[in-house]
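Working notes, beginning with the structure itself.
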Amino acid sequence: MSEPLLRVEGLTKHFPVRGGWRSPARVRAVDGLDFEVRAGETLGLVGESGCGKTTTGRMLVRLLEPSGGRISFEGRDITHARRAALRPLRQDLQIIFQDPYASLNPRHTVGRIVAMPLQVNGIRPVGGVKQRVAELLELVGLNPEHYNRYPHEFSGGQRQRIGIARALALRPKLIVADEPVSALDVSIQAQVINLLRDLQRELGLGFVFIAHDLAVVRHFCQRVAVMYLGKIVELGDREDIYHRPQHPYTRALLSAIPDIGRLGPTGRIRLRGDVPTPLHPPSGCRFRTRCWKARELCATTEPALVPRDGGRQSTACHFPEEGELG
């Protein structure tokens, strides 16, 4: 197997909390992640709000400084790379932000927004910057005549396409997509997802796709990592995760996907209690306070993310589920 495009080992991010003078508390937003992304592959990060997905994505593109662990891109350690070392890396590693209304500067025209990465990196494309911007707008399904318009003149779906065009300006190898369709209508979501799939096939892009909509992830991602309270609890191929989930939390998430083929809450797993605070996570398995299979071992020993089912699927659970979903 070739070297992965992106490799993450023991990645952590703890935010200090003011107030304690003896031993300052820390919010364990991300607490030890291990995964890989290969060229042209899409890895989906899923989980409830507050599980650390967005924090992980921002660390991957170095918008946040990791507290520990290691991030390697094309075999090069970029965990604590300085600004000068990161500048050439920005051409290969881009991000699409969640909110298409807040991620675009309202004072700049669309042409200037999309051209900014080229100008900052001193890139002079053949035919000029304006022609390259027009090509990018056309690539994402917008009219090149929109060059001189401002963001407020576009719908949410069109604004997200502008953000995608900006991310593609430098011809990156990996894009972190932070819930790129969560703020859009369902019909527009399908258009944007299909656009990303087409761009991936044409340009060979790799994606880390952050989302909480499991139906969208199933449509777009080849592999899926399920996060809970700062940790990955299950990691595997899409078909294995959706048909043979082994972690109880994954089964609970999948049971919440709306199904027009059945009426009522049949088959729905309702988790008890609330998500624990990452300021003081539970001992042992972090999911044990809401798990119907929890035993004494779960409270004393933290389960490791280990390969199962012939190595295709990794699960962090002492008592994993067996069999396919009904």
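The values are calculated or read from the model by the stated rules, or taken from the named source; none is laboratory data. Here the structure is a predicted model, which means the values were calculated and not measured. Neighbour counts run over all protein chains shown; Cβ positions are idealised from the backbone, glycine included.
Residue by residue, here is whether (1) at pLDDT below 90; (2) farther than 12 Å from Val233 by Cβ holds:
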residue: Cys291; (1), (2): no, no
residue: Leu305; (1), (2): no, no
residue: Arg312; (1), (2): yes, yes
residue: Phe319; (1), (2): no, yes
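Exactly one residue out of Arg112, Arg62 is of a type in the set (Lys, Arg), without any contact (Cβ under 8 Å) to a residue 40 or more places away in the chain and farther than 30 Å from Glu3 by Cα: that is Arg112. Would it be correct to say that Leu64 is in the same structural domain as Glu234 (by TED's automatic domain parsing), at pLDDT 95 or above and of a type outside the set (S, T, N, Q)? No, not satisfied. Which residue out of Leu93, Leu89 is modelled with pLDDT of 90 or more and under 24 Å from Glu179 (Cα atoms)? Going through Leu93, Leu89 in turn, just one is modelled with pLDDT of 90 or more and under 24 Å from Glu179 (Cα atoms): Leu93.
Checked against the criterion of being part of a strand (DSSP E or B) and within 22 Å of Asp34 (Cα to Cα), region 295-304 contains not a single residue that satisfies it.
Checking Gly52, Gly69, Gly111 one by one, the residue that is of a type outside the set (A, V, I, L, M), buried (at least 17 other Cβ atoms within 10 Å of the Cβ) and under 17 Å from the mean Cα position of the chain (by Cα) is Gly52 and no other.
Per-residue answers, yes or no, for (1) closer than 30 Å to Pro151 by Cβ; (2) under 19 Å from the mean Cα position of the chain (by Cα):
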site: Pro24; (1), (2): no, no
site: Glu41; (1), (2): no, yes
site: Gly44; (1), (2): yes, yes
site: Arg82; (1), (2): no, no
site: Ala85; (1), (2): no, no
site: Arg90; (1), (2): yes, yes
site: Arg107; (1), (2): yes, no
site: Gly128; (1), (2): yes, no
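The criterion of being under 16 Å from Ile96 (Cα atoms), among the aliphatic types (A, V, I, L, M) and not assigned by TED's automatic domain parsing to the domain that holds Val110 does not hold for Ala225. Of the residues examined, Leu253 is not one that is closer than 30 Å to Gly157 by Cβ, at pLDDT below 95, of a type outside the set (Lys, Arg) and outside the structural domain of Val181 (by TED's automatic domain parsing). The residues of region 56-110 that are among the basic types (Lys, Arg) and assigned to a helix (DSSP H, G or I), listed by number, are Arg58, Arg83, Arg87.
Yes/no matrix, rows are residues, columns are (1) touching a His at 6+ places or on another chain (Cβ under 9 Å); (2) of a type in the set (D, E, K, R); (3) under 22 Å from Pro320 (Cα atoms):
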| site | (1), (2), (3) |
| --- | --- |
| Ala183 | no, no, no |
| Val192 | no, no, no |
| Leu196 | no, no, no |
| Leu199 | no, no, no |
| Val216 | no, no, no |
| Ile232 | no, no, yes |
| Arg238 | no, yes, yes |
| Arg272 | no, yes, yes |
| Pro281 | no, no, yes |
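Looking at Glu202, is it over 25 Å from Ile123 (Cα atoms) and modelled with pLDDT under 90? Answer is no for this residue. Residue-level check: of (1) surrounded by fewer than 17 Cβ atoms within 10 Å (Cβ to Cβ); (2) among the hydrophobic types (A, V, I, L, M, F, W, C); (3) farther than 24 Å from Phe287 by Cβ, Val61 misses just (1).
For every residue, the table says whether it meets (1) β-branched (Val, Ile, Thr); (2) on the phi < 0 side of the Ramachandran plot; (3) free of Cβ contacts under 8 Å to residues at least 12 places away in the same chain; (4) loosely packed, with under 15 Cβ neighbours inside 10 Å.
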{"position": "Arg18", "(1), (2), (3), (4)": "no, yes, yes, yes"}
{"position": "Pro24", "(1), (2), (3), (4)": "no, yes, yes, yes"}
{"position": "Asp34", "(1), (2), (3), (4)": "no, yes, no, no"}
{"position": "Ala39", "(1), (2), (3), (4)": "no, yes, no, no"}
{"position": "Ala81", "(1), (2), (3), (4)": "no, yes, no, no"}
{"position": "Ala84", "(1), (2), (3), (4)": "no, yes, yes, yes"}
{"position": "Gln91", "(1), (2), (3), (4)": "no, yes, no, no"}
{"position": "Phe97", "(1), (2), (3), (4)": "no, yes, no, no"}
{"position": "Pro106", "(1), (2), (3), (4)": "no, yes, no, yes"}
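Screening Val133, Val114 for residues that are outside the structural domain of Ala225 (by TED's automatic domain parsing), touching a Gly at 6+ places or on another chain (Cβ under 7 Å), over 19 Å from Leu184 (Cβ atoms) and among the aliphatic types (A, V, I, L, M) leaves exactly one candidate, Val133.
When residues in region 119-142 are screened for being surrounded by fewer than 20 Cβ atoms within 10 Å (Cβ to Cβ) and part of a helix (DSSP H, G or I), 9 of them pass.
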